[in-house]
1. Provide the gained length on full extension for the span residue 26 to residue 54, in nm with one decimal, where the gain is 0.36 nm per separating residue minus the Cα-Cα distance.
2. Given q = 0.22, 0.24, 0.27 Å⁻¹, what are the Debye log10 I(q)/I(0) values for the stretch 1-70, with equal point scatterers placed on the Cα positions and solvent ignored?
3. What is the extension gain from residue 11 to residue 35, computed as 0.36 nm multiplied by their sequence separation minus the C-alpha to C-alpha distance, in nm to one decimal?
4. Taking the alpha-carbon centroid of each part, what is the distance from the stretch 5-30 to the stretch 32-54 in angstrom?
Amino acid sequence: MPRQKLKWYDDQAKVGRRLRAAREAAGFSQRDLATTNCSAAYISRIEKGDRVPSLPLMRELASRLGVSEDYLAYGAQQGSATSGLAM
């Protein structure tokens, strides 16, 4: 039996909506949020619910946007930006 991947987020589409809301609240465009590890096109795909960022990328985006990883992954601010999610 193949191993199942553990999901560290609640719903792919909800992650995208929360990322977009946090990005807009921070006053960033998709291009502003893009990094050498993540293009504006990839951010667009995340926001559309087509992709879910890797855990390290989720941490980086959360940090840059001033929200917690828990907020992006589950919709709840639970402490600091490093709480909750483990590798």
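Read-outs: derived from the displayed coordinates by stated rules, not from any lab. All values derive from a computational prediction rather than experimental measurement.
1. The residue 26-residue 54 span can extend by a further 8.0 nm.
2. Values returned for q = 0.22, 0.24, 0.27 Å⁻¹ are -0.92, -1.10, -1.40.
3. Fully extending the segment from residue 11 to residue 35 adds 6.2 nm.
4. Using only Cα atoms, the two centres lie 10 Å from each other.
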